[in-house]
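The values are calculated or read from the model by the stated rules, or taken from the named source; none is laboratory data. Note that the coordinates shown come from a computational prediction; the quantities given were computed from them, not determined experimentally. The area values use the complete protein model at the heavy-atom level, side chains included, leaving out ligands, DNA and RNA. Shrake-Rupley method; radii C 1.70, N 1.55, O 1.52, S 1.80 Å.
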Amino acid sequence: MLQQHTAGNPMNSSIRWTYLKPREIVSELLKKGYSVSRNIVRYLLKKHEYVKRKAQRNITMGIIPQQIQTRNQSNLIPN
């Protein structure tokens, strides 16, 4: 069931996650006749080394000198 909804880190094959939320997994399992709780689903995901995917934030390093020069040159060109 999870194979179609699983992704992973291309740089580290041991890191993988699913796009399904635990409650979505529970509802899919209920449709197939299995009764489990969200806590059991969370436990099983952790046991099988699935991690929550988190958005990464990059810290802005500021403007580099080349960008400043390019901006200054574009301001000198008349429209």
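The table for this structure:
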quantity: Reachable lysines, given that their alpha-carbon falls under 23 Å from the alpha-carbon of Lys52 and they are not under 8 places away in the same chain; calculated: Lys21
quantity: Shape of the range 13-53, Cα gyration tensor, a/c cut at 1.5; calculated: prolate
quantity: Solvent-accessible surface (1.4 angstrom probe) belonging to Arg38, in square angstrom, nearest 10; calculated: 120
